[in-house]
Every structure is written in structure tokens, then in C-alpha cells.
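Just so it is clear, none of the values below were taken in a lab; they were calculated from the coordinates. Given the structure is predicted, the values throughout are model-derived calculations rather than measurements. Because the Cβ atoms are built from the backbone with ideal geometry, glycine has one as well, and the counts that use them run over all protein chains shown.
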Amino acid sequence: MKISQSRLFIAITVLCFSFTVDAQPSEPYQLVEDVANKTFNSIKREQVKIKQNPDTLRVIINQELMPHVYYKFSALKVLSKNLRSVPKDRVDEYIDVFREYLVTSLAVALSYYTDQEVVFEPARDVGSDKDISIKALIKDPGAPDIHLAFKLRIDSEVNEWKVYDILAEGISLLSSKESEFAPILRANGIQAVIDNMHTSNNAPIKLATSETASKSK
């Protein structure tokens with residue numbers, strides 16, 4: 001099944017961090033659904049404000065999602081083996097900018113959101129696992145279903161499940177970002193990566209038009 005890159009991007013960015021878990025470690029499945037519903041309901045409720053000021057999406061993401069995103073782990077995973085080439089005194093700055101880069105990416109992706117249905121696999125006993133995968137489907141009328149796999153692990157500092165990656169039709173968000181950043185880092189160093197993210201972070205959010213949304217399907 002062929003899925004457009006724009007639909008995959010929306011699936012990855014909208015859903016990955018929308019389904020972040022804030023809970024006791026024994027209850028990841030139900031809480032993934034609860035937080036997802038809360039997030040999308042907030043977006044629906046604030047549609048007037050969002051249309052007047054698209055940066056309202058950034059506010060929603062910062063308030064509801066980012067406190068529960070394992071962005072530190074994700075940021076370091078994106079650097080992967082290239083982390084060794086980053087000066088230790090620049091790592092914290094990179095992580096902070098990466099956090100805002102996620103906020104911006106999510107705000108852009110969420111501008112496409114209308115009312116897609118998400119169906120999760122039945123819950124299972126995770127036992128003593130500290131790193132799990134939860135499968136789901138995005139159902140969008142008139143478009144093929146998108147198969148997802150949410151990667152979660154326990155943040156030991158707060159003893160909570162958090163999403164750190166997602167696969168949409170087998171494509172990993174972290175792997176995609178690693179491929180994007182790696183050549184920039186090798187050629188021009190961590191400052192170039194940070195500058196690249198700053199450029200995205202400083203750009204105003206533009207709401208998707210009906211034409212753009214239809215092309216994304």
C-alpha cells in the first residue's frame with residue numbers, strides 16, 4: 001500500500017506525541033487512549049482561537065503534551081553515534097532547542113487535524129517490560145488506513161511511560177530525523193543543526209487550507 005509522504009508526516013507528528021503517557025507504569029494502553037482523546041478534544045474546542053491565531057496550537061502542545069514527551073531521550077537517539085562529536089557543553093542547548101523543534105513540528109502537523117479516527121490494539125499485560133510497542137490504525141474516510149506502532153519506555157526519573165518514537169507504515173520518526181540531521185552535523189557541526197531548528201522554530205504557524213489537506217491524503 002502506497003501512502004504519500006505528507007500523510008505519513010502527519011501521522012507521525014500528529015500522533016506520536018499526542019499519545020504520550022502520563023500514568024502509573026502498569027496502565028499504558030488505556031492512558032494512551034485517554035490522553036489522545038483529551039488532546040484532540042482540546043484542538044476541537046479551541047478552533048476559533050486557532051483560526052484567529054495559529055500559534056494557539058503551540059500553547060496547546062506545550063501545556064498538554066510536552067510535559068509528558070520523552071524529548072531528552074528522543075533528542076539523544078536522533079544524534080545516535082554522532083553524539084560523540086558534539087561538545088559536552090553544547091548537548092543541553094541542543095536538547096532544549098530540539099524540544100521547541102518538536103513543538104513546532106507538532107503545531108504544523110496538527111493544523112491538518114480534522115476528525116480522524118484512531119483504533120488501538122487490545123491491551124495486553126506488559127509485565128515487567130520497560131520498553132513496549134502499541135499498535136494502532138488511523139482511519140481517514142476516502143484514504144487508506146495508516147498502520148502505526150508507538151514506542152514507549154519508562155522514564156525512570158519520574159516512573160512514567162512516555163512515547164519516544166513512532167513508526168508509520170514502518171517509517172520511524174527518530175530514524176527520519178537522524179537521517180535529516182546527520183549530514184548537517186558531519187558537514188558543519190552541532191551549531192548548524194541548532195541553527196536549522198531555530199529557523200523552523202521562529203517561523204509562524206500557517207494553518208492548512210482545504211486544498212493542502214486534500215493533497216495530504
*asked:* Taking just the alpha carbons, could you work out the radius of gyration and Dmax for the range 63-217, both in angstroms?
replied: 17.1, 50
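Using the structure shown, list the pairs from Lys51/Lys81; Lys130/Lys177; Lys44/Lys130; Lys81/Lys151; Lys51/Lys135 with a Cα-Cα distance above 30 Å, or answer none.
Lys51/Lys81; Lys44/Lys130; Lys51/Lys135
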*Roughly how many nanometres apart are two label points built 7 Å out from the Cα toward the Cβ at Ser175 and Gln30?*
3.4
*Mind listing the phi-derived Karplus ³J(HN,Hα) values for the range 94-101, rounded to whole Hz, using 6.51, -1.76 and 1.60 with θ = phi - 60°, and x for any glycine or proline?*
4, 4, 4, 5, 4, 4, 5, 5
*Using 7 Å Cα-to-Cβ label points, what is the Asp55/His198 separation (nm, one decimal)?*
1.8
